[in-house]
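Just below is one structure, and these are the notes that go with it.
Values quoted throughout were computed directly from the atomic coordinates according to the rules given, and no laboratory measurement underlies them. On a predicted model such as this, the values are computed, not experimentally measured, just so you know. In this analysis, Cβ positions are derived from the backbone assuming ideal geometry, glycine residues included, and neighbour counts consider all displayed protein chains.
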Amino acid sequence: MVVSLSSNNELQLRPLEVVVDGDNVERAIKALKRKVAQEGVYKELKRRRFYEKPSVKRKRKQREAERRRRKERRRALRARSRSKKR
């Protein structure tokens, strides 16, 4: 499902959609798999397969947050270095 915020900051869920062109079902299946992976559905299913203790959940969330922060810092540094080269 695609999650988005409406104009009044309400959460809206929309189903994933894949358009099938003609009879090319294989291509549509690949597109669906790609969208499902990008949405993180596979990761979520794998994570929910077993019970996760609250302490483990906290540590995982901290690791994920730190990873996002490092990634954002790398992006900012790359953007700054690109703008200096111009």
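Find the lysine pairs in the chain meeting two conditions, Cα atoms under 23 Å apart and a separation of 8 or more places or different chains, and report how many there are.
Step by step, the pairs that qualify in the chain add up to 21.
Which one of Y51, A37, S81 has its Cα pushed farthest toward the positive end of the charge dipole of segment 35-86, where Lys and Arg give +1 and Asp and Glu give -1 at the Cβ?
S81
Can you give me the three principal axis dimensions of the chain from its C-alpha atoms, in Å, biggest first?
That gives 48, 48, 33 Å along the principal axes, largest extent first.
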